[in-house]
Amino acid sequence: MKHSSFRLFSSLLLFAVYGGINAAEQEAVIVTATRTAQTADESLASVSVITREDIEQSQATNVTELLRLQAGIDIARSGGPGQQTSLFLRGTNSNQSLVLIDGMRVSSATTGGFAWQNLSLTDVERIEIVRGPHAAQYGSDAIGGVIQIFTRQNKRGHLRGQVGSYNSWLVDAGLGGGEKFTYSLNFSTQDTEGFSATNPKNSYDYNPDNDGYKNSSLSGNINISITDLTSLQLSGWHSNSETEYDSSGGIGEDDNTNSSVTAKLINQTTARWSQSLNFGLSQDDSKSTYESFSGIQHGRITTERWLVDWQNDIVLSPTDSITLGISSQNDDAINSDENSGHVNFDENITNNALYAIFRNRFGKNELNLSGRIDDHSSFGNHTTGQIAWGLDTTSKLRLLASYGTAFRAPTINELYYPVYGNPDLIPETSQTLEFGARYKISKKQNFSASAYHTSITDLIQSDPFTWQYTNIGKAHIDGLELEYDYQFDLWSLQANLTWMKAIDESDNSDLLRRPGLKLGLQATRYFQNKGNFSLEWVYASEREDMNFSTFPAERITLDPYNLFNLSTRISLSRQWWLEGRLDNLTDEDYELVYGYNTAGRSIYIGVNFTPDK
């Protein structure tokens, strides 16, 4: 299988190298790159958009199945559904990419990562992926980029059921409508018996039992037109999950609750000045129960984040505009041992910021200048900036260049956790230089290429002698992303190729779990009745990882892998759809994390009822 897959990879490599941005993405209006509305084609950043239509066509069972098809994104998951999931954007750590839900920061205040495993696709309307540093627009964490999730907005109702491998089932439902007052509500619940998260290679945690997963989620939106010039937008997302996992003493279970709520008041103050006032709240509550050699242990971590942001967009002239804003964030976290009642820490950090984004067009050129000053309660002031330039050399070709700085503030764990925490930490910092090009081959074909170099200093790592967190790490990442899109009548093809070298400068070794070469491909045949049949192909080259079952831990190499997935939607009537997905068609045996299993060949079948009104 490996040899035939390699021949297939080689034969398609030349074609995939002609990378590009999906034609629908070019027309899609995005807001994440500059905090203001623009099409993806107008953006000076490298962007991708996953729409609700993309989600329904793919029949993906979780969000990471869609994200791993995108250029510059790699996924590592410690087992099956619900297990801890890391996302590496352009080779940066999972806590070095900013994740937003409807504008609200949702990454953990303690770990810095987002619980991707607990986000149901039922709740997602659109995902905007912006690659490259954007700290000058958003502050901490946006070293690798920004991923913003917009909660689903129904125009009518829907009801869906699905069953599949590993005794899995899912039910979701939603409703929505309105004109000046619009509303949308979604609910989903799913359950899977799963499979063993670990295998015998992980001798420390191995347990051959099945590790199940349950999740229920709720999301909603309300949009109110108060006047012709003023509107109020309310949105919320809530997820509750139970995840079984293997631990050194036997078995464990996590009970996690994640939620976010946002309120946004928008006012067109004058013909040239609009402003928005955003309020956001996100909360995490994680309860962990696991067996250890000293008995059953119970721990709990609760976090709460408040965010207020006042943004002003001003049109200076037909070719110039500026965005000015002020932002304030407050994080609280409590870590406690439920067995003894001891509180490991109860801490709070705040961050206040001022930011400005200037956009200018002159001739065939476009220039964006961004700057931000953050005042953090732990380490004081930090300034970031970015300059991006675009040149339309012809009606078909646009050249791009940018330089930006970014940072990641230390988390509450890194600052205050007993023994390991260090309140004297300073932020991780980065510098990124990027060059790109977009070429419209024809009305139906598009190509894009981006090459970048990122250097990261003051990485927060554990001191090998004291185990305390300290700023001792350095890394650099070089990458090339090529994308291609082809739309023709009832066919579409999107392909991307990512080459990357991510180096730990302390010993000149590869950063863990980042493949040097990755290919993502989606080919879709549409039917006249709006149904479809799709093929997905993901190839990842070998990656470095660590075997933590040995002492000292030893570096090992994970084999390359090919994943082929099929999906279809068939119209049974105007209101009923038959849906199906076949994952890992060739039953590839591979690992994303050493010592942890991945799913074999899996099939999922469902029906979807969507009324006309």
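Within the range 512-519, identify whether any single residue is touching a helix residue (DSSP H, G or I) at 6+ places or on another chain (Cβ under 9 Å), within 20 Å of Gly91 (Cβ to Cβ) and modelled with pLDDT of 95 or more, and answer yes or no. Yes, because at least one residue in the range 512-519 is touching a helix residue (DSSP H, G or I) at 6+ places or on another chain (Cβ under 9 Å), within 20 Å of Gly91 (Cβ to Cβ) and modelled with pLDDT of 95 or more.
For the criterion of being over 28 Å from Leu535 (Cα atoms), among the aromatic types (Phe, Trp, Tyr) and modelled with pLDDT of 95 or more, Phe407 passes. If you check Ile357, Ile373, Ile349 for being open to solvent by 20 Å² or more (accessible area, probe 1.4 Å) and either out of contact with any Pro (no Cβ under 6 Å at 6 or more places or on another chain) or in a loop (DSSP other than H, G, I, E, B) (or both), only one passes: Ile373. Looking only at residues in the range 244-268 that are modelled with pLDDT under 95 and of a type in the set (Ser, Thr, Tyr), the one that is nearest to Val315 (Cα to Cα) is Tyr245. Could you please let me know if Ser336 is more than 24 Å from the chain's Cα centre (by Cα) and at pLDDT below 95? It is true that Ser336 is more than 24 Å from the chain's Cα centre (by Cα) and at pLDDT below 95. Being more than 30 Å from Ala388 (Cα to Cα), open to solvent by less than 60 Å² (accessible area, probe 1.4 Å) and in contact with a Lys or Arg (Cβ under 8 Å, 6 or more places away or on another chain): is that true of Asp331 here? When the stated conditions are applied, Asp331 passes them. Summed over the range 119-153, residues that are open to solvent by less than 10 Å² (accessible area, probe 1.4 Å), polar (S, T, N, Q) and more than 15 Å from the chain's Cα centre (by Cα) total 2.
Which residues, taken from the range 176-199, are assigned to a loop (DSSP other than H, G, I, E, B), open to solvent by 80 Å² or more (accessible area, probe 1.4 Å) and in contact (Cβ under 8 Å) with a residue 40 or more places away in the chain?
Within the range 176-199, the first condition is being assigned to a loop (DSSP other than H, G, I, E, B), and the residues that meet it are 179-180, 196-197, 199.
Checking which are open to solvent by 80 Å² or more (accessible area, probe 1.4 Å) leaves us with 179-180.
Listed by number, the list holds a single entry, Lys180.
Suppose the filter is touching a residue at least 12 places away in the same chain (Cβ under 8 Å) and within 30 Å of Asn351 (Cα to Cα); does Val124 pass it? For Val124, the condition - touching a residue at least 12 places away in the same chain (Cβ under 8 Å) and within 30 Å of Asn351 (Cα to Cα) - is met.
Going by what's in this entry, would Leu316 be described as within 19 Å of Thr384 (Cα to Cα), without any contact (Cβ under 8 Å) to a residue 60 or more places away in the chain and open to solvent by 30 Å² or more (accessible area, probe 1.4 Å)? Before you say what the answer is, go through the steps one by one.
On the way: within 19 Å of Thr384 (Cα to Cα): no; without any contact (Cβ under 8 Å) to a residue 60 or more places away in the chain: yes; open to solvent by 30 Å² or more (accessible area, probe 1.4 Å): yes.
Criteria not met by Leu316.
Right, Thr557: without any contact (Cβ under 8 Å) to a residue 40 or more places away in the chain and of a type in the set (Val, Ile, Thr) or not? When the stated conditions are applied, Thr557 passes them. Only strands (runs of 3 or more DSSP E) whose full extent lies in the range 391-501 are considered here, and the ones with at least 1 residues that are without any contact (Cβ under 8 Å) to a residue 24 or more places away in the chain and open to solvent by less than 50 Å² (accessible area, probe 1.4 Å) are 428-442. Looking across Ser188, Ser140, one residue alone is closer than 30 Å to His376 by Cα and small (Gly, Ala, Ser). It is Ser140.
The values are calculated or read from the model by the stated rules, or taken from the named source; none is laboratory data. Quantities reported herein were computed from a predicted structural model and do not represent experimental measurements. Cβ sites come from the backbone with ideal geometry, for glycine too, and all protein chains shown count toward neighbours. Note: accessible area is taken over every heavy atom of the protein model, side chains too, but ligands, DNA and RNA are not part of it. Shrake-Rupley method; radii C 1.70, N 1.55, O 1.52, S 1.80 Å.
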